[in-house]
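Contents: one structure, followed by commentary.
The values are calculated or read from the model by the stated rules, or taken from the named source; none is laboratory data. It should be emphasised that the depicted structure is a prediction, and the values quoted were computed from it without experimental measurement. Cβ sites come from the backbone with ideal geometry, for glycine too, and all protein chains shown count toward neighbours. With ligands, DNA and RNA removed, areas are computed over all heavy atoms of the protein, side chains included. Shrake-Rupley method; radii C 1.70, N 1.55, O 1.52, S 1.80 Å.
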Amino acid sequence: MFINGEWTAAVSGKEFEVTDPATGDVIGTMPDGSTADAEQAVEAAAAAFGSWSSTTAHHRADLLYKAWQLMTERAEDLAQLMTREQGKPLKASRAEVKYASDFLRYYAEEATRVRGEWLPSARPDQRFLSLRQPVGVVAAVTPWNYPISMLTRKMGPALAAGCTIVLKPAEATPLCAKAVYQVFIDAGVPGGVINMVTALDPKPIGEVFTSHPKVRKLTFTGSTAVGKKLAGAAAANLKRVSVELGGHAPFIVFPDADPVRAAKGAAALKFLNSGQACISPNRMYVHEDAAEAFVDTMTERVGRVKAGNGFDDGVGVGPLVNEAAVAKVAAQVDDAVAKGATAAVGGARLTEAPFDAGHFFAPTLLTGVDDSMTIYREETFGPVAPVITYSDVDQVLELANDTNYGLAAYVYSQNISTAMRAFEGLRFGIIGINDVNPTSAGAPFGGMGDSGLGREGGSEGIAEYLETKLGGFAL
Ligand code: ADP
């Protein structure tokens, strides 16, 4: 753990093991922290807040630029570590490290753009001035699916704003978090400004984060169930909250789309991170006129996706995070097939050597999916593309919106009016229009409904770490 500028063991002296999800090999150990460790980390962050928040924005920008440079220099080592610890193909790890470093550069720039305003008063002898200041100590909880970029997406803007941080990374991927911390440390971020507590059981740490009076903000990325609990507990203590949670993204192919292009996009998007992404498409609504061309292209593309160890050449799908994840995907696929869906490609876990030591599920294309099936409602978090054929264009936005989630949605159409109506009508925070990657460090990312509160990235991302203060000056 990293507390008050020092790498430390847990107060209890306990440790936990970290494993490679492709092989089951133990690849490291980390301190197994608990309440006392989290409290120390919060105290350290609170003690450092005064001096850090009074540094100039230019100074903080310089440190973030330095961190960006170091992360760029270390990109290959970080990517290798990510593939080892998280399992994603090396190419995807490299792309994630690039995306992660983009947040450091973007918020280095954004640090110097935090401005207040001069506001008009109704009284001639009064002036109003608004000032934006850092909220204080930020407690951050991050997931294992994007184990480096989810840290920089929070830490970049928090540091740029002048906040100090206590992070609890996911128990499956603490080694990536440690490597990110080393980047910040080597860039010269002072002790106490960034702290990290690792733990096998996240619950006691979450309790400190949501109840400690010196924590002023909670930022969380993970499941909707846990996010609701933590946001509720933090809100009860009037802490500021942003949570980025699950999704159930529709992917709509209109009759005026290019179905082959849409299928190529769907196949590329669905298998990213083995489908373990909150913006992964979970319901592919394909118009009956486009269905044959779409399914043919998908069948060919999905059939070509190779599962395996992320270090092996040509692998497009790595292991899932653990056994429970494989069991959940298998249960959804079995349920769908039992209710009449067809596994056009894949459809089962991979159990033969070399897959037997890891947690693998075959890249899968399901056709004939309908709303009676669990997969139609529940997030899959696995390499399964479910295709639903529809006929009524006027109804499809309603179908797509019929979910409690509201993170990402995708639309394929060659017609500007169709695309614009869908962009406006879909109740989701992020919409890809003929585009499978609507994300960037400079763009707001976040969801509606059960997908969360707040935005990360862009100017919205730093606003989450700032308070507005009003000054009324009588002359
Ligand atoms: P996933 O299903 O993607 O693993 P989780 O929401 O369980 O999603 O995990 C996301 C992050 O939330 C991880 O860092 C995990 O340790 C943490 N977490 C899970 N449960 C709790 C909890 N009760 N309190 C605090 N953090 C938690």
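Here are the numbers for this structure:
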| read-out | value |
| --- | --- |
| Bridge type composition, the chain - antiparallel percent by DSSP, nearest 5 | 40 percent |
| Stretch gain in nm, segment ASP256-GLU117, where the contour uses 0.36 nm per residue and the Cα spacing is subtracted | 45.3 nm |
| Label zone at ALA463, where the point sits 7 Å out along the Cα-to-Cβ direction: the range 109-124 residues whose backbone N lies under 13 Å | 115 |
| Förster radius 51 Å - calculated FRET efficiency between ALA474 and GLN80, Cβ distance, rounded to 0.05 | 0.25 |
| Karplus-derived HN-Hα couplings along the range 380-395 (A = 6.51, B = -1.76, C = 1.60, θ = phi - 60°), whole Hz, x at Gly and Pro | 8, 6, x, x, 10, 9, x, 9, 10, 8, 10, 10, 9, 4, 5, 9 |
| Using θ = phi - 60° and Karplus 6.51 cos²θ - 1.76 cosθ + 1.60, couplings along the range 181-198 (whole Hz; Gly, Pro as x) | 4, 4, 4, 5, 4, 5, 6, x, 5, x, x, x, 6, 10, 10, 9, 10, 10 |
| Under 5 Å, built H, 5+ apart or other chain: amide partners of ILE3 | THR8, MET196 |
| Anchor LYS264: aspartates and glutamates whose Cα lies under 15 Å away (excluding residues fewer than 8 positions away in-chain) | GLU292, ASP296, GLU300, ASP435 |
| At most 15 other Cβ within 10 Å, DSSP loop - trypsin sites (Lys or Arg not before Pro), the range 4-75 | LYS14 |
| Degrees between helix 259-270 axis and first principal axis of the chain (Cα, 0 to 90, nearest 10) | 50 degrees |
| Computed FRET value (nearest 0.05) for ARG377 with LYS203, which takes r as the C-beta separation and R₀ as 35 Å | 0.80 |
| Per residue solvent-accessible surface (Å²) - the chain, probe of 1.4 Å | 40 Å² |
| Chain lengthening between ALA348 and SER51 when straightened (0.36 nm per residue, less Cα-Cα) | 101.4 nm |
| Simple label model, 7 Å out from Cα along Cβ direction - GLN395 to LYS98, nm | 4.3 nm |
| Dipole of the range 249-440, positive end: most advanced residue of HIS359, ALA268, ALA290 [Cβ charges, Cα centre] | HIS359 |
| Helix 90-111 axis, angle to the chain major axis (alpha carbon atoms, nearest 10°) | 30 degrees |
| 5 angstrom amide H check on ALA385, placed H, neighbours 5+ away | THR364, LEU365, LEU366 |
| Dipole in debye (nearest 20) - the chain, about Cα centre, beta carbon charges: Lys, Arg +1; Asp, Glu -1 | 1520 debye |
| Residue-by-residue Karplus 3J(HN,Hα) for the range 134-151, coefficients 6.51, -1.76, 1.60, Hz, glycine and proline x | x, 5, x, 6, 10, 9, 10, 10, 10, x, 8, 6, 10, x, 10, 5, 5, 7 |
| Lys/Arg +1, Asp/Glu -1 at C-beta; the chain dipole; positive extreme among VAL329, TRP7, ILE433 | TRP7 |
| Dipole magnitude (debye, nearest 20) for the range 249-440, charges at Cβ of Lys, Arg, Asp, Glu | 400 debye |
| Accessible-area composition of the chain, carbon plus sulfur, in percent [1.4 Å probe] | 52 percent |
| Shape category assigned to the chain from the gyration tensor of Cα positions, a/c cut at 1.5 | oblate |
| Sites GLU424 and ALA236, calculated FRET efficiency, Cβ-Cβ separation with R0 51 Å, nearest 0.05 | 0.90 |
| Alpha-carbon Rg/Rh ratio, for the range 95-251, with Rh computed the Kirkwood way | 1.03 |
